[in-house]
Amino acid sequence: MKTRYLAIVPFLAAALLVPISQAQVPVFQITPAQSSVKFSVKASVALEGNFDKWDASLIFTSTDVASGVLDIKIQAASVDTGSGMKNDKLKSDDFFDVKKNPLITFKSTKIVQTGPTTFDVPGTFTIRGVSKPETLTFTVSGVGTGSGEIKGTMAFDRKDYGMNSGIPFIKIADRVEVNVDIFAKRVSGPPVTLKKY
């Protein structure tokens with residue numbers, strides 16, 4: 001009987017420790033309805049738009065802000081510029097190549113606090129099957145309240161990712177700016193520990 005009891009102890013301990021360990025880290029939920037991913041390119045005719053289908057997560061392994069991982073997955077075919085012709089061109093193999101590469105992704109490698117409400121988020125950006133290091137620069141509102149808006153920008157050279165073509169009758173620049181606007185709320189766990197400035 002004593003042996004059987006001792007065998008059960010590790011299982012009971014594991015069952016009790018799982019919720020405790022989960023409670024030790026901040027858990028955030030992102031609200032897609034209040035969030036957006038947009039892009040713009042300087043061009044002879046306005047070239048900007050957004051993606052209608054995407055998903056993002058912000059996961060922390062400790063209360064240290066540096067432990068956070070931002071993971072964004074965008075359905076490339078959901079691009080919407082307001083023009084069917086522009087959408088089709090961007091979906092083609094000259095640009096996003098959505099048939100072979102349906103996802104555009106960004107996964108952070110760390111989060112670096114640069115000011116009271118500003119952060120650099122370096123990570124791996126992948127578009128049309130090409131992956132390179134890029135950095136999102138974020139400004140966060142609502143610090144200390146448990147919820148807030150995370151506004152970030154990232155610029156990249158489209159030719160670095162094999163997008164060398166143009167669009168008929170439209171002169172476009174090489175530099176693409178991405179704007180990420182995420183609304184996140186801490187649903188459980190302690191707050192993230194930030195540096196004091």
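Does residue 121 satisfy the condition of being touching a residue at least 60 places away in the same chain (Cβ under 8 Å), of a type in the set (Val, Ile, Thr), closer than 17 Å to residue 74 by Cβ and surrounded by 14 or more Cβ atoms within 10 Å (Cβ to Cβ)?
Numbers: touching a residue at least 60 places away in the same chain (Cβ under 8 Å): no; of a type in the set (Val, Ile, Thr): yes; closer than 17 Å to residue 74 by Cβ: yes; surrounded by 14 or more Cβ atoms within 10 Å (Cβ to Cβ): yes.
For residue 121, the condition - touching a residue at least 60 places away in the same chain (Cβ under 8 Å), of a type in the set (Val, Ile, Thr), closer than 17 Å to residue 74 by Cβ and surrounded by 14 or more Cβ atoms within 10 Å (Cβ to Cβ) - is not met.
Return the residue satisfying two criteria in turn: it lies in region 65-87 and is charged (D, E, K, R) and at pLDDT 95 or above, and of such residues it is nearest to residue 128 (Cα to Cα). Write out each step before concluding.
Looking only at region 65-87, we keep the residues that are charged (D, E, K, R), and these are 71, 73, 80, 86.
If we keep only those that are at pLDDT 95 or above too, we end up with 71, 73, 80.
On the way: 71: 17, 73: 13, 80: 17 Å.
For region 65-87, the residue satisfying everything is 73.
Among the residues of region 159-174, is there at least one that is surrounded by 14 or more Cβ atoms within 10 Å (Cβ to Cβ), part of a loop (DSSP other than H, G, I, E, B) and either of a type in the set (Ser, Thr, Tyr) or on the phi > 0 side of the Ramachandran plot (or both)?
Among the residues of region 159-174, at least one is surrounded by 14 or more Cβ atoms within 10 Å (Cβ to Cβ), part of a loop (DSSP other than H, G, I, E, B) and either of a type in the set (Ser, Thr, Tyr) or on the phi > 0 side of the Ramachandran plot (or both), which makes the answer yes.
Is it fair to say residue 37 is among the hydrophobic types (A, V, I, L, M, F, W, C), within 26 Å of residue 98 (Cβ to Cβ) and modelled with pLDDT of 95 or more? Explain how you work it out, then say what you get.
Working: among the hydrophobic types (A, V, I, L, M, F, W, C): yes; within 26 Å of residue 98 (Cβ to Cβ): yes; modelled with pLDDT of 95 or more: yes.
Taking the combined requirement at face value, the residue satisfies it.
Do we have residue 94 as more than 30 Å from residue 196 (Cβ to Cβ), at pLDDT below 95 and not basic (Lys, Arg) here? Don't jump to the end; show me each part of the working.
Working: more than 30 Å from residue 196 (Cβ to Cβ): yes; at pLDDT below 95: yes; not basic (Lys, Arg): yes.
It is true that residue 94 is more than 30 Å from residue 196 (Cβ to Cβ), at pLDDT below 95 and not basic (Lys, Arg).
In region 176-188, what residues are loosely packed, with under 14 Cβ neighbours inside 10 Å and either polar (S, T, N, Q) or under 12 Å from residue 47 (Cα atoms) (or both)?
188
Six or more apart or on different chains, Cβ under 7 Å: which pairs go from a residue in region 24-38 that's of a type in the set (Gly, Ala, Ser) to one that's in a strand (DSSP E or B)? Could you list them?
Within 7 Å, the pairs are 35/181; 35/182; 35/183; 36/50; 36/181.
Please go through region 1-34 and pick out each residue that is modelled with pLDDT under 80 and closer than 30 Å to residue 182 by Cβ. Talk me through it step by step, then tell me what you get.
As a first pass, look at region 1-34 and keep what is modelled with pLDDT under 80: 1-23.
Selection gives 18, 19, 20, 21, 22, 23.
State all residues of region 43-80 that are in contact with a helix residue (DSSP H, G or I) (Cβ under 8 Å, 6 or more places away or on another chain), surrounded by fewer than 19 Cβ atoms within 10 Å (Cβ to Cβ) and part of a loop (DSSP other than H, G, I, E, B); if no residue qualifies, say none.
If the condition is that a residue be in contact with a helix residue (DSSP H, G or I) (Cβ under 8 Å, 6 or more places away or on another chain), surrounded by fewer than 19 Cβ atoms within 10 Å (Cβ to Cβ) and part of a loop (DSSP other than H, G, I, E, B), then 52, 53, 61 are the ones that fit.
For region 112-144, which positions are out of contact with any Pro (no Cβ under 9 Å at 6 or more places or on another chain), in a loop (DSSP other than H, G, I, E, B) and either closer than 26 Å to residue 188 by Cα or not small (Gly, Ala, Ser) (or both)?
114, 115, 116, 117, 128, 141, 142
The values are calculated or read from the model by the stated rules, or taken from the named source; none is laboratory data. Note that the structure is a prediction, hence the values are computed from the model and not measured. As a convention, Cβ positions derive from the backbone with ideal geometry for all residues, glycine included, and neighbour counts pool all protein chains shown.
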